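Engineer: I am attaching a structure below and will ask some questions about it afterwards.
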Amino acid sequence: MIASTAPARSCGPPNALPSWEWYASRRERVAKVAPNAGHAALVALENRTIHFTLITQNVDGLHARAGSRNVIELHGNIMVDRCFAEGRVLTPADEVPGTPPRCARCGAPVRPGVVWFGEALPPKALDDALAATHRCDLFLSIGTSNVVEPAASLPFAALDAGAAVIEVNPERTPLSARATIVLAGAAGEVLPRLVG
Ligand SMILES: [Zn+2]
């Protein structure tokens, strides 16, 4: 089974230029947000499913904080730091403080671990998402308009591979006409009822 979720708004800075201050304020807001009933329902679903993959375009890390274990973050995670030059994930001990901080090993600026507009998705994340999509028997498309590629193609790939697809979204999307079941509503309301 696969659950695919997406954010309500974009993850890039307002002027498409990286701004450490902008991300710092965004991180403070994300840190104050608690996972909702939809996140909890997906944890419950994972706990009763043998093979479960959660593919998300969200960058807030809330699925992992809620307790989801097998999570693929297609657009990265805003709460994680990476070295601009090396790409590796950094801990506070790997950084020299500053605005932005610097990588203690190579001196390059530190960047948030999100995928910016125009950047390619992490190849392993995309490969893992495609592999899980092709072998699943049920695919849930949750809270996404299904227009941002390549994630938008995943439920169609699942359908083509013979899986059933349940769409959970307040509005109709390009997927709605082909989905096996369409449940109109917000994830935080529909998923607890679906799982319960
Ligand atoms: Zn570095």
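Engineer: For the chain, what does -39500 (n - 2.57) per DSSP helix run (n ≥ 4), summed and divided by total residues, give at 222 nm, in deg cm²/dmol to the nearest 500?
Structural biologist: About -8500 deg cm²/dmol.
Engineer: From the P(r) of region 106-196, can you give the percent of Cα pairs sitting at distances over 19 Å?
Structural biologist: Value for region 106-196: 49 percent of Cα pairs lie more than 19 Å apart.
Engineer: Out of every Cα pair in the chain, what percent are spaced more than 27 Å from each other?
Structural biologist: Percentage above 27 Å: 31.
Engineer: With a 10 Å radius around each residue's Cβ, average the other Cβ atoms per peptide and rank 96-103, 109-116, highest first.
Structural biologist: Highest mean packing first, the order is 109-116, 96-103.
Engineer: Follow-up. Contour minus end-to-end for Thr180 and Trp20, with contour as 0.36 nm per residue of separation and end-to-end as the Cα-Cα distance?
Structural biologist: That pair, Thr180 and Trp20, stretches by 53.3 nm at full extension.
Engineer: If exposed means no more than 14 neighbouring beta carbons inside 10 Å and the site is in a DSSP loop, what's the longest run of the chain without any exposed GluC sites (Glu not before Pro)?
Structural biologist: 1-85
Engineer: Considering amide H positions built from the backbone, and no H for Pro or chain starts, which residues 5 or more places from Arg82, or on another chain, come under 5 Å of its amide H?
Structural biologist: Leu90, Arg111, Gly113
Engineer: Can you give the relative contact order of the chain as a percent, counting alpha carbon pairs under 8 Å and 6+ residues apart?
Structural biologist: 22 percent
Engineer: Take every DSSP beta bridge with both residues inside region 85-196 and express the antiparallel ones as a percent of the total, to the nearest 5.
Structural biologist: 25 percent
Where a number appears in this text, it was derived from the coordinates with a stated rule and is not lab data. Because the structure is predicted, anything quoted here is derived from the model rather than measured. Neighbour counts are summed over all protein chains in view; Cβ atoms, including those assigned to glycine, are modelled from backbone coordinates with ideal geometry.
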